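Working notes, beginning with the structure itself.
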Amino acid sequence: MFNDIGPLELVTLIVLAVLVFGPDKLPKVIQDVTRTIRKIREFSESAKHDIREELGPEFKDFEFEDLNPKAFIRKQLDNEDLGLKEIRNGFDLKKEMAEVTDAVHSRDSDTSSSSSSGSAGGRIDMTKKPETPDRDDRPPFDADAT
């Protein structure tokens with residue numbers, strides 16, 4: 001529960017608690033808080049037990065952690081009956097990316113060698129060149145733009 005509290009934050013909380021409650025009342029406040037947390041946990045466990053009893057024997061392996069969407073999806077993906085591990089292992093992204101980069105680099109080296117020889121070799125120039133308008137041609141007029 002308090003896994004992300006650092007030592008400086010813990011000291012700050014202790015000093016703040018001593019300042020707010022005072023050294024006389026602090027032990028009683030700590031006891032009251034721990035008793036309340038204990039009662040909440042007991043209530044939660046009894047509620048879980050009651051729900052499991054009401055669901056019946058069909059849901060004997062029901063876990064409340066499965067209600068968390070992440071845990072539910074993780075459990076379903078790890079299910080061996082679906083065969084998803086084989087599908088997941090069939091996709092090797094690093095291997096496919098390496099193949100693509102090899103193909104791109106080999107194509108670049110092939111086109112650079114053919115272009116360095118001076119022949120076009122059926123290559124099409126895809127660069128956009130600006131068109132120079134004739135002297136009599138006016139640029140297109142857009143009435144909505146003005």
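Among the residues examined, residue 18 qualifies as in a helix (DSSP H, G or I), among the β-branched types (Val, Ile, Thr) and over 39 Å from the mean Cα position of the chain (by Cα). When each of 88, 107 is tested for being assigned to a helix (DSSP H, G or I), under 20 Å from the mean Cα position of the chain (by Cα) and modelled with pLDDT under 80, the lone residue that passes is 88. Annotation note: of 32, 61, 78, the sole residue that is of a type in the set (Asp, Glu), surrounded by 10 or more Cβ atoms within 10 Å (Cβ to Cβ) and at pLDDT below 90 is 78. Of the listed requirements (1) modelled with pLDDT under 85; (2) open to solvent by 80 Å² or more (accessible area, probe 1.4 Å), residue 45 misses just one: (1).
The values are calculated or read from the model by the stated rules, or taken from the named source; none is laboratory data. The structure presented is a predicted model; accordingly, all values stated were derived computationally and were not measured. All Cβ positions, glycine included, derive from the backbone under ideal geometry; neighbour counts span all protein chains shown. Ligands, DNA and RNA are stripped out before the accessible areas are found, and what is left, the full protein with its side chains, is counted by its heavy atoms. Shrake-Rupley method; radii C 1.70, N 1.55, O 1.52, S 1.80 Å.
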